[in-house]
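All of the numbers you see were taken from the coordinates with simple rules; none came from a lab. Please read all numbers here as calculations on a predicted model, not as lab measurements. Here the Cβ is made from the backbone with ideal geometry for all residues, glycine too, and neighbour counts use every protein chain on show.
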């Protein structure tokens, strides 16, 4: 796990898991993890969604622009531009596994 946050699962942790469970060498496991993450990112940038049965779906959503206010000077307003964001909706089996732990 990460030295900064021991509760975080890092890319390096995934590489080690692939190395132990599947028997891939470190370099092949690193290439596999990088290729998977690149494919997901490329699909989301292209406006597609990534669906993994029983795990969940990654989609992009558009946040509208809005008017923001300066907390120190509430009369001062500015426009917060719209942006795209990634959304994750967990699958049923994944959601059920989380609920059992709660």
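Assuming residue 62 fulfils every condition listed in (1) surrounded by 14 or more Cβ atoms within 10 Å (Cβ to Cβ); (2) not in a loop (DSSP other than H, G, I, E, B) apart from one, which condition is it?
Answer for residue 62: the failing condition is (1).
Could you pull out the residue among 47, 56, 91 that is without any contact (Cβ under 8 Å) to a residue 60 or more places away in the chain, surrounded by 13 or more Cβ atoms within 10 Å (Cβ to Cβ), on the phi > 0 side of the Ramachandran plot and in contact with a strand residue (DSSP E or B) (Cβ under 8 Å, 6 or more places away or on another chain)? Walk me through how you get there before you give the answer.
Details: 47 fails: surrounded by 13 or more Cβ atoms within 10 Å (Cβ to Cβ); 91 fails: on the phi > 0 side of the Ramachandran plot.
So the residue among 47, 56, 91 that is without any contact (Cβ under 8 Å) to a residue 60 or more places away in the chain, surrounded by 13 or more Cβ atoms within 10 Å (Cβ to Cβ), on the phi > 0 side of the Ramachandran plot and in contact with a strand residue (DSSP E or B) (Cβ under 8 Å, 6 or more places away or on another chain) is 56.
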